[in-house]
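Right, one structure below, let's go through it.
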Amino acid sequence: MNQRAQSQPTPPGLLARAWDSDFLWSFRHSPVAILSSLVALTLIAAAVLAPVIAPQNPFDPAQLDLMDGLTPPMTPNEVTGRTFLLGTDPQGRDMYSAILYGARISLLVGFASVVFSMVVGITLGLAAGYLGGRVEALIMRIADIQLSFPAILVALLVFGIFRGVVPPAQQEAATLWVLILAIGLSNWAQYARTVRATTMVEKSKVYVDAARLIGLKPFVVMIKHVLPNVMGPVLVIATINLALAIIEEATLSFLGVGMPPTQPSLGTLIRIGQQFLFSGEWWILFSPGLALVLLALSINLLGDWLRDVLNPRLR
Amino acid sequence: MSQFVLAVDDLVKHFVAKRSAFGRSLATVKAVDGVSFTLRPGETLALVGESGCGKSTVGRLVMRLIEPTAGRIVLDGEDVTALGETAFRPFRRKVQLIFQDPFASLNPRMTVGEILSEPLMLHDIVPARERRRRVGELLQMVGLQPSHAARYPHEFSGGQRQRIVIARALAVEPRIVICDEPVSALDVSIRAQILNLLKELQARLGLAYVFISHDLSVVKHIADRIAVMYLGRIVETGRADEVFATPRHPYTRALLSAIPVASPEARRERRILEGDVPSPLDPPPGCHLHTRCPYAAEICQTQRPALDDDGAGHATACHFWPTLPEQRDILPAEGKIDPRLERLFGAFAGTEA
């Protein structure tokens, strides 16, 4: 900053300006947005801080005591006398800790796969929309084919290939990354479609011509001028897809192709709990299920709110 | 050739309007069909014509936003028609474009400072530490404050935005500025300000303008020379005062007689052409105007009239222009206009006319 900036009346600070922006105004005036972001943030914070706040490490067999198995919530175990907030599973794993660690995996897979499919989708969509012609035809046909399969089927396919290619000894360690890859690959087409459509709209706007006129290379025009203007709709899809990706991970784990029982995600916990539902041990299914619903619902509601705020037609 | 900063020779642009299933073109629009003109340093050439006549396409062709089908573009003595995007880049410093719509031509996510520094950075016009100062200078040059650099385009009015667009065009220190309907999207009360700004900048910086417009009252104000276009061709060109005083082509006459005049008593011959502009997909053969021209004869239906220069720079593309009845009172002489009305109009337009 130089003297010129100082001689001007000081503009309101960045925080004050942000507080007054349309975006935060609408946030402050939407109870649903506030509540759902509170729930989502609490769950995310709990998941991130799991190693600090969880009473035990559910991934460490040494900390588990089989005698604690199948303790109902809030009641002392008949043999060991220990009490667990949300009960235990058959291995004596504390459900509360398992849910915290499970949500950690679910969120990690969700975020990473969304970022992965966003990067792939935005790159391909931008290329298709800006370059047009054969590139566009090729990319969009692949996207069309991809979209005609259910996402879960694509993910299962990726998993099947993984099981066939990777030796069983290394499978457990790599499962997390394959999950991210599988879910990411099953969702990129949506981003590509949206980005392509928005790019085509933005590309025809005069400011893109103006950028070309001063001599910017097409690639720079694409990154510097078109990309920032297509990010709005992408962020909306990303939020809603985050919830979808978490559910997809849970589905895969529930089907038994996702996280192994030694490192359970929410889906794995539900799969384990489902076996005990009719024998009276309801808590093993109930609490991870509730956590999953709360997580997905709050993120979805946030996404809905974001879509309404960023949609110029609803303003 | 070097007396001209810009010379356009027989420029042609065909757009494919319809393709067969195999990508072969079935129908083409001859948006620009053999247009030639020259531009001297510091001069304003107005391209006028109704919408769809190809005048904006000419501007976009010169800027290389689209590739010409045929013809030559000579910038500052160098033929740039065949240059690729990279080879043409240095020439982007010489010629710039001002767009019609100031609301669409500024990136909504960049501050004015970023918008103006971009060309400075790209062409390395001023060293990095002086960029801020130069942006301030550019803003002052177009009548804005240096402090406006921190703002976003949506914080400005249409007229102010057009000033920013002008500042961006001037950032590369061009010799030629193509003004594509620079005031038609603006409020009438702002137009005169922007036109005067353009005139003032021309005098100060020695800019040459290609002024594309459908608004003859604006053109009259700013143009040194004028080229009238109809369906992709220039039908008449010459010094602006001459064309306005003694229009020769029937189309020019019709166009001029449509200018509203600030005098209810002015007696003028209105030359209203009948019918609509023919489809550019299938323009009439010969002289494009023959379907609507009151003087059309048989030759007009078969032979395209050449742009016939009278030796003094006033050229007309009409087979019969020397024999057409003279017409001098299409625009009433200045004295005939009611001075009170003129003052009233002046108050609205803010011009010195």
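Restricting attention to the range A:189-216, report how many residues are more than 14 Å from chain B (Cβ to nearest Cβ), surrounded by fewer than 24 Cβ atoms within 10 Å (Cβ to Cβ) and among the hydrophobic types (A, V, I, L, M, F, W, C).
Residues that pass the stated criteria total 2.
Within the range A:208-219, which residues are in a helix (DSSP H, G or I) and over 14 Å from B:Asn107 (Cα atoms)?
Within the range A:208-219, A:Pro218, A:Phe219 qualify.
Looking only at the range A:148-187, how many residues end up being polar (S, T, N, Q) and under 20 Å from A:Gly267 (Cα atoms)?
Total satisfying the criteria: 4.
Quick check, is B:Glu85 more than 9 Å from chain A (Cβ to nearest Cβ), within 20 Å of A:Lys203 (Cα to Cα) and among the acidic types (Asp, Glu)?
No: the conditions fail for B:Glu85.
Taking the range A:198-253 as the region of interest, how many residues are among the aliphatic types (A, V, I, L, M) and under 30 Å from B:Gly84 (Cβ atoms)?
Residues meeting the conditions: 16.
Against the condition at the interface with chain A (Cβ under 9 Å from one of its Cβ atoms), among the β-branched types (Val, Ile, Thr) and under 25 Å from B:Ala150 (Cα atoms), how does B:Ile115 come out, does it pass?
yes
Please give the number of the condition B:Pro108 fails out of (1) out of contact with any His (no Cβ under 7 Å at 6 or more places or on another chain); (2) without any contact (Cβ under 8 Å) to a residue 60 or more places away in the chain; (3) within 13 Å of chain A (Cβ to nearest Cβ).
(1)
Out of all the residues in the range A:70-81, which are without any contact (Cβ under 8 Å) to a residue 24 or more places away in the chain and closer than 26 Å to A:Leu43 by Cα?
A:Thr71, A:Met74, A:Thr75
For the condition at pLDDT 85 or above, among the hydrophobic types (A, V, I, L, M, F, W, C) and crowded, with 23+ Cβ neighbours inside 10 Å, what is the one hit in A:Leu153, A:Leu179?
From the options A:Leu153, A:Leu179, the qualifying one is A:Leu179.
Which fully enclosed helices (runs of 4 or more DSSP H) of the range B:84-163 have 3 or more residues being out of contact with any Ser or Thr (no Cβ under 7 Å at 6 or more places or on another chain) and closer than 23 Å to B:Leu207 by Cβ?
B:112-122, B:131-141
Right, A:Leu43: more than 20 Å from A:Asp308 (Cβ to Cβ) and in contact with a helix residue (DSSP H, G or I) (Cβ under 9 Å, 6 or more places away or on another chain) or not?
When the stated conditions are applied, A:Leu43 passes them.
When you go through A:Leu277, A:Leu310, A:Leu285 one by one, which is the residue that is among the aliphatic types (A, V, I, L, M) and over 19 Å from A:Phe84 (Cβ atoms)?
Among A:Leu277, A:Leu310, A:Leu285, only A:Leu310 is among the aliphatic types (A, V, I, L, M) and over 19 Å from A:Phe84 (Cβ atoms).
Considering only the range B:219-242, how many residues are within 29 Å of B:His14 (Cα to Cα) and either under 12 Å from the mean Cα position of the chain (by Cα) or among the β-branched types (Val, Ile, Thr) (or both)?
Result for the range B:219-242: 10.
What number of residues within the range B:138-184 are among the small types (Gly, Ala, Ser), within 16 Å of the chain's Cα centre (by Cα) and more than 11 Å from every other protein chain (Cβ to nearest Cβ)?
1
Inspect the range B:125-141 for any residue being touching a residue at least 60 places away in the same chain (Cβ under 8 Å) and either surrounded by fewer than 17 Cβ atoms within 10 Å (Cβ to Cβ) or not hydroxyl-bearing (Ser, Thr, Tyr) (or both) and give the result as yes or no.
Looking through the range B:125-141, at least one residue is touching a residue at least 60 places away in the same chain (Cβ under 8 Å) and either surrounded by fewer than 17 Cβ atoms within 10 Å (Cβ to Cβ) or not hydroxyl-bearing (Ser, Thr, Tyr) (or both).
From A:Gly125, A:Gly132, A:Gly121, grab the single residue that is within 30 Å of A:Phe219 (Cα to Cα) and surrounded by fewer than 19 Cβ atoms within 10 Å (Cβ to Cβ).
A:Gly132
With respect to A:Val226, determine if the residue is touching a Leu at 6+ places or on another chain (Cβ under 8 Å), facing chain B (nearest Cβ under 10 Å) and among the hydrophobic types (A, V, I, L, M, F, W, C).
Here the answer is yes, as A:Val226 does meet what is asked.
If you go through the range A:244-282 one residue at a time, how many are outside any helix (DSSP H, G or I), closer than 21 Å to A:Leu70 by Cα and touching a residue at least 24 places away in the same chain (Cβ under 8 Å)?
So the answer is 7.
List pairs: first in the range A:93-122 and in contact (Cβ under 8 Å) with a residue 12 or more places away in the chain and closer than 15 Å to A:Leu269 by Cβ, second crowded, with 24+ Cβ neighbours inside 10 Å and among the charged types (D, E, K, R), Cβ under 6 Å, 6+ apart or cross-chain?
From residues that are in contact (Cβ under 8 Å) with a residue 12 or more places away in the chain and closer than 15 Å to A:Leu269 by Cβ, the pairs are A:Ser106/A:Glu249; A:Val109/A:Glu249.
Considering only residues that are of a type in the set (Gly, Ala, Ser), over 26 Å from the mean Cα position of the chain (by Cα) and assigned to a loop (DSSP other than H, G, I, E, B), which ones fall in the range A:51-79?
Residue satisfying the conditions is A:Gly69 alone.
The values are calculated or read from the model by the stated rules, or taken from the named source; none is laboratory data. Everything numeric here is computed off the predicted structure, so don't read it as measured data. Note that we place each Cβ from the backbone using ideal geometry, even for glycine, and neighbour counts take in every protein chain shown.
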